[in-house]
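Q: Quick one: structure below, then a few questions.
The values are calculated or read from the model by the stated rules, or taken from the named source; none is laboratory data. As the structure is a computational prediction, the values presented were derived from the model and not from experiment. Note that each Cβ is placed from the backbone with ideal geometry, even for glycine, and that neighbours are counted across all protein chains shown. The protein model used for the area step is the full one, side chains on, heavy atoms only, and it has no ligands, DNA or RNA in it. Shrake-Rupley method; radii C 1.70, N 1.55, O 1.52, S 1.80 Å.
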Amino acid sequence: MHEIVRNEFRRYYSGLREEDLEVPDMPQREYAFLQFGGEVMIRHMKFVNPSSLKEYIVENTPAHIYHSSAYYQMPEATDMNEKGWLGADLVFDIDSDHIRTECKDRHDRWHCIECGMGGAGFPPESCPHCGMKKIDTRTWICEDCLQVAKNEVIKILDEYLIPDFGVAETDFEVFFSGHRGYHIHVRSKTFRGLSADGRREVADYVRGIGIDIRSHGFREVKSRILVGPDMKDGGWRGRVARALYEFVNRASLEDLKGIVAPGVAKNLFDNKEKFLKSIESDPPYWGSLKGYTLESLEKIAIASIKDLICNIDERVTIDSKRLIRCPNSLHGKSGLRTLRVDYSSIDDFDPLKEAVAFRHGSIRIYVKEAPRVRIGDEELGPIKDKTLEVPLALGLYLICRGAAEPR
Amino acid sequence: MSLMLTKEDLAKYPFLKQTTSYVERMQLNLGDLAAVEYSGILRKALTRIKDSIERNVRLTDLTDPESEIISYPLALALVYGSKSNWLLNRFATIEAKRVEEELRKEPRDKILEIAKSGFSWEIENANLKLEWEEFPFSIPLQSYLEVATSFNDAHWKLVNRYVKGGFVFLNSGSLTRLVSEGFKIRIIKRASERELHKFRIPEALIPYLDEILMHAQENMRFDEELPQGLVSEARPPCIVAIMEDVKFGKSLTHMARFALTTFMVNVGESVDDVLKLFGNVADFDEGKARYQIEHIAGMIGSRTKYKPPKCDVLRSFGLCIGMDEFCRNAKHPLNYYKRKLKIMSGPGGQTGARDRKE
Ligand code: SF4
Ligand SMILES: [Zn+2]
Ligand SMILES: [Zn+2]
């Protein structure tokens, strides 16, 4: 990596206030670092206070700084058993790379290492031409995908963590990762002790994995009379009920035909009013139409919850020993800050502006190739093969992304 | 609200705080229990263990509650002293089944009382009445997950529960299952505590322990031993799919590779056979692969043989591709495999359909 980036990082860290590096229960956490150009993680470090951490960072100026989601008796021990796991924050990672968005067609490319085939947009799991899974990607972010990621954060919190899991506003923190997405750290004591299996259940819950509507009260009483939950019910029970109602309400005949047998679709469509009324009744009935069964309802339910399930990287949630980015540290692949987001004003949060760490100065760079990017209020691109003078933050961003070089 | 728990209750539910303190107050010494005056208790303890070896679920013997109460810690000591995981699992399972049977007969209030006394769960009388259903109890999410993750059925998944405000709402049947499973887990977990590693049975009880171990040995043989080698027809869909990928030379994700390797090793394939299987894969490095497989097979390194991931895990990684009839009850691909094997070798099934290679 370029010395100039490292120097700027060092300058940033020297000017940082110690309290900005504060993390709850710091002495029980493991710290880890990745140096510029380094491939091996420096691990098992312990810092008892922000000032010793700052001293270390300024001296070594790493490209990435992490701390463990876990709390340990001896975070500095190299052996997991010796470390003595005491618990861990419950973490949700929302990464725009994992979410299909339309803007990806504009700024992302992929190509198959094996046969060279390639294209724009979200990468396929395996090459459509040769079937191999060695796909190389060149991905960027933009306001749109970061907005989608932000919406996911709001969904997880407002729809799941707060109402269903009872997480209080004081028990979680939201961070912009400094690059492609957001992290939610739930720190309440009640979730600290969750095992990996328990964390998996939590991840599956917000992702709607393995949902079975029979467990939520949908069943057939007598022949062809379906009963089920009330839209006012809590948890997934009420959520499925509301989603189904909304979906049927908005669905065209074609929509329904894509899900259930044409006869059933037509029947349901023609009797929509009556069907919706019976769901609203107390107690709710879920229909008694010809040809329509619990299975048809199940198919519609699965289609209707598609937008309600959360796009998280479940591996992060399941892992009870994850390393996560340290607050206010710089992301070595963007030069942006990992920034705490005030949840009450998250709607107005503009990550590409507020996470800018370098507010002054400019830099002369040679840009190989980049799509349109915005950092702070500066916009650039699409651009190819050009040398120019840009504001420092934008320049460092492009250099960190590997798209430009200092000149 | 506190109900009086009788001596009979203490005999039925060994995990209650009251039961533990009752036993402690008697200040018995394990070695003493081999003496003639306690022969009744020893006999009861041995019967409990024998029942679990033979898979007999029997209700609590209440003719003499006191000796029944004391027979439990004695039986448990013998089981721990045997150092046999097989026996430990059997014992815990059968004791949990007995508790479940007993709890089913109890009124709601008492189930609640028992659950609270037995575990440090903050269960509450929620009395939630829904349109077609009632949930009398609520339990904190994390307490629920401590136990429920060990169940197979889909309706125990958190996503299939009524979850609100940090609580999971339950009916009596579910709470009963949760309590008995919690009891089972506790028995098994304690065995791995450090102090128990050092635990030795008193001299006077050793002859009984030997007797138990012999009896266990005889029964263990009947347990389904996996055949030495893969029976293709019994493979679960997820493994079939990964093997297809391998056949076409697609490269595998780390998880897919791990699942396949552990599966093969666990059904008794040799390291060489597993290696041959990977021969097709594009990014194949034999030396590295051999090391990994031997590690997984427990031949080097930690020496524990790795098991394939549970269905839940495979599902989260997108490797679970199908729900055939066996998948429905399977929690684990090996489970699926065992069950299918059993059916295949049962009446009308194809016996010995081994898939040994040339
Ligand atoms: S349910 Fe289990 S055994 Fe069946 S395909 Fe899925 S992972 Fe495999
Ligand atoms: Zn290709
Ligand atoms: Zn975008």
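Q: Cβ-Cβ under 6 Å, sequence separation 6+ or interchain: first residue in the range A:126-139 and open to solvent by 70 Å² or more (accessible area, probe 1.4 Å), partner within 16 Å of ligand 3 (Cβ to nearest atom). Which pairs?
A: Listed by first residue and then by second, the contacts come to A:Arg138/A:Arg109.
Q: Does the range B:130-155 hold any residues that are buried (at least 20 other Cβ atoms within 10 Å of the Cβ) and outside any strand (DSSP E or B), and which are they?
A: Across the range B:130-155, the qualifying residues are B:Leu141, B:Gln142, B:Ser143, B:Tyr144, B:Leu145, B:Glu146, B:Val147, B:Ala148, B:Thr149.
Q: In the range A:214-242, how many residues are buried (at least 22 other Cβ atoms within 10 Å of the Cβ) and more than 9 Å from chain B (Cβ to nearest Cβ)? Walk me through how you get there before you give the answer.
A: We begin by selecting, within the range A:214-242, every residue buried (at least 22 other Cβ atoms within 10 Å of the Cβ); these are A:216, A:218, A:228-229, A:233, A:235-237, A:239-241.
Narrowing the set further to residues that are more than 9 Å from chain B (Cβ to nearest Cβ) leaves A:218, A:239-241.
Residues flagged as buried (at least 22 other Cβ atoms within 10 Å of the Cβ) and more than 9 Å from chain B (Cβ to nearest Cβ) within the range A:214-242 amount to 4.
Q: Give me a count of the residues in the range A:116-125 that are within 14 Å of ligand 3 (Cβ to nearest atom) and surrounded by fewer than 16 Cβ atoms within 10 Å (Cβ to Cβ).
A: Total meeting the criteria: 1.
Q: Let me ask you something else. Quick test for you: out of A:Asn60, A:Asn81, pick the one residue that is open to solvent by 40 Å² or more (accessible area, probe 1.4 Å), at pLDDT 90 or above and either more than 19 Å from the chain's Cα centre (by Cα) or within 30 Å of A:Arg6 (Cβ to Cβ) (or both). Give the steps one after another, and end with the answer.
A: On the way: A:Asn81 fails: at pLDDT 90 or above.
Exactly one of A:Asn60, A:Asn81 is open to solvent by 40 Å² or more (accessible area, probe 1.4 Å), at pLDDT 90 or above and either more than 19 Å from the chain's Cα centre (by Cα) or within 30 Å of A:Arg6 (Cβ to Cβ) (or both), namely A:Asn60.
Q: Name the residues in the range A:126-146 that are within 16 Å of ligand 3 (Cβ to nearest atom) and not aromatic (Phe, Trp, Tyr), would you? Let's see the steps before the verdict.
A: Filtering the range A:126-146 down to residues within 16 Å of ligand 3 (Cβ to nearest atom) leaves A:137-146.
Scanning the range A:126-146 gives A:Thr137, A:Arg138, A:Thr139, A:Ile141, A:Cys142, A:Glu143, A:Asp144, A:Cys145, A:Leu146.
Q: I've got another one for you. Only one of (1) within 14 Å of chain A (Cβ to nearest Cβ); (2) at pLDDT 90 or above fails for B:Arg98. Which number is that?
A: Of the numbered conditions (1) within 14 Å of chain A (Cβ to nearest Cβ); (2) at pLDDT 90 or above, the odd one out for B:Arg98 is (1).
Q: Considering each of B:Asn171, B:Asn127 in turn, give the residue that is open to solvent by 30 Å² or more (accessible area, probe 1.4 Å) and within 14 Å of chain A (Cβ to nearest Cβ). Show your work before the answer.
A: On the way: B:Asn127 fails: within 14 Å of chain A (Cβ to nearest Cβ).
From the options B:Asn171, B:Asn127, the qualifying one is B:Asn171.
Q: For B:Thr261, all conditions in the list (1) away from ligand 1 (no atom under 12 Å from the Cβ); (2) in a loop (DSSP other than H, G, I, E, B); (3) at pLDDT 75 or above; (4) of a type outside the set (Asp, Glu) hold save one; what is the number of the exception?
A: B:Thr261 satisfies every listed condition except (2).
Q: Something else: State which residue is least open to solvent (accessible area, probe 1.4 Å) when the search covers only the range A:99-115 and only residues that are among the hydrophobic types (A, V, I, L, M, F, W, C) and away from ligand 3 (no atom under 13 Å from the Cβ).
A: Narrowing the range A:99-115 to residues among the hydrophobic types (A, V, I, L, M, F, W, C): A:99, A:103, A:110, A:112-113, A:115.
Applying the additional criterion that residues be away from ligand 3 (no atom under 13 Å from the Cβ) yields A:110, A:112-113, A:115.
Numbers: A:Trp110: 26, A:Cys112: 1, A:Ile113: 104, A:Cys115: 56 Å².
The qualifying residue least open to solvent (accessible area, probe 1.4 Å) is A:Cys112.
Q: Can you tell me which of (1) closer than 28 Å to A:Phe218 by Cα; (2) at pLDDT below 95; (3) not hydrophobic (A, V, I, L, M, F, W, C) is the one B:Glu113 doesn't meet?
A: (1)
Q: Residues in the range A:252-293 that are hydrophobic (A, V, I, L, M, F, W, C), surrounded by 17 or more Cβ atoms within 10 Å (Cβ to Cβ) and away from every other protein chain (no Cβ under 14 Å): how many? Steps first, answer last, please.
A: Applying the first criterion (hydrophobic (A, V, I, L, M, F, W, C)) to the range A:252-293 yields A:253, A:256, A:259-261, A:264-265, A:268-269, A:275-276, A:279, A:286, A:289.
If we keep only those that are surrounded by 17 or more Cβ atoms within 10 Å (Cβ to Cβ) too, we end up with A:256, A:259-260, A:264-265, A:268-269, A:275, A:279, A:286, A:289.
Okay, now just the ones that are also away from every other protein chain (no Cβ under 14 Å), so A:256, A:259-260, A:264-265, A:268-269, A:275, A:289.
Residues meeting the conditions: 9.
Q: Conditions first: (1) surrounded by fewer than 17 Cβ atoms within 10 Å (Cβ to Cβ); (2) at pLDDT 95 or above. A:Thr170 passes all but one, so which condition is the exception?
A: With (1) surrounded by fewer than 17 Cβ atoms within 10 Å (Cβ to Cβ); (2) at pLDDT 95 or above applied to A:Thr170, the lone miss is (2).
Q: Based on this model, can you work out whether A:Asp164 counts as within 14 Å of chain B (Cβ to nearest Cβ), surrounded by fewer than 17 Cβ atoms within 10 Å (Cβ to Cβ) and touching a strand residue (DSSP E or B) at 6+ places or on another chain (Cβ under 8 Å)?
A: no
Q: When residues of the range A:198-208 are filtered for being out of contact with any Gly (no Cβ under 8 Å at 6 or more places or on another chain) and either surrounded by fewer than 19 Cβ atoms within 10 Å (Cβ to Cβ) or not hydrophobic (A, V, I, L, M, F, W, C) (or both), how many remain? I'd like the intermediate steps shown before the answer.
A: Narrowing the range A:198-208 to residues out of contact with any Gly (no Cβ under 8 Å at 6 or more places or on another chain): A:198-203, A:205-208.
Filter again for either surrounded by fewer than 19 Cβ atoms within 10 Å (Cβ to Cβ) or not hydrophobic (A, V, I, L, M, F, W, C) (or both), leaving A:198-201, A:205, A:207-208.
The number of residues fulfilling the criteria is 7.
Q: Shifting gears a bit: Got at least one residue in the range B:122-129 being part of a helix (DSSP H, G or I), under 21 Å from B:Thr20 (Cα atoms) and not aliphatic (A, V, I, L, M)? Lay out the reasoning, then the answer.
A: Of the residues in the range B:122-129, the ones part of a helix (DSSP H, G or I) are none.
Looking through the range B:122-129, none of the residues is part of a helix (DSSP H, G or I), under 21 Å from B:Thr20 (Cα atoms) and not aliphatic (A, V, I, L, M).
Q: Moving to a separate point now. Given the options B:Ala216, B:Ala256, name the one that is assigned to a helix (DSSP H, G or I), within 14 Å of chain A (Cβ to nearest Cβ) and at pLDDT 75 or above. Walk me through how you get there before you give the answer.
A: Numbers: B:Ala216 fails: within 14 Å of chain A (Cβ to nearest Cβ).
So the residue among B:Ala216, B:Ala256 that is assigned to a helix (DSSP H, G or I), within 14 Å of chain A (Cβ to nearest Cβ) and at pLDDT 75 or above is B:Ala256.
Q: Mind counting the residues in the range A:369-407 that are in contact with a helix residue (DSSP H, G or I) (Cβ under 9 Å, 6 or more places away or on another chain), in a strand (DSSP E or B) and charged (D, E, K, R)?
A: The number of residues fulfilling the criteria is 5.
Q: With the checklist (1) away from ligand 2 (no atom under 16 Å from the Cβ); (2) within 14 Å of another protein chain (Cβ to nearest Cβ); (3) of a type outside the set (S, T, N, Q); (4) touching a Ser or Thr at 6+ places or on another chain (Cβ under 7 Å) in hand, flag the one item A:Lys133 doesn't pass.
A: (1)
Q: Are there any helices (runs of 4 or more DSSP H) wholly within the range B:3-99 with 3 or more residues that are crowded, with 19+ Cβ neighbours inside 10 Å, and if so which?
A: Working: elements: B:7-12, B:17-25, B:39-53, B:65-82.
Because the criterion is at least 3 residues that are crowded, with 19+ Cβ neighbours inside 10 Å, the helices (runs of 4 or more DSSP H) in the range B:3-99 that meet it are B:7-12, B:39-53, B:65-82.
Q: Checking A:Tyr12 against (1) within 19 Å of A:Leu396 (Cβ to Cβ); (2) open to solvent by 40 Å² or more (accessible area, probe 1.4 Å): exactly one of these is not met. Which one?
A: Just one mismatch for A:Tyr12, condition (2).
Q: Here is a follow-up. Is there any pair with a first residue in the range B:62-85 that is under 16 Å from B:Glu203 (Cα atoms) and a second that is charged (D, E, K, R) and modelled with pLDDT of 90 or more whose Cβ atoms are under 6 Å apart and which are 6 or more apart or on different chains, and what are they?
A: What qualifies is B:Ala75/B:Arg48.
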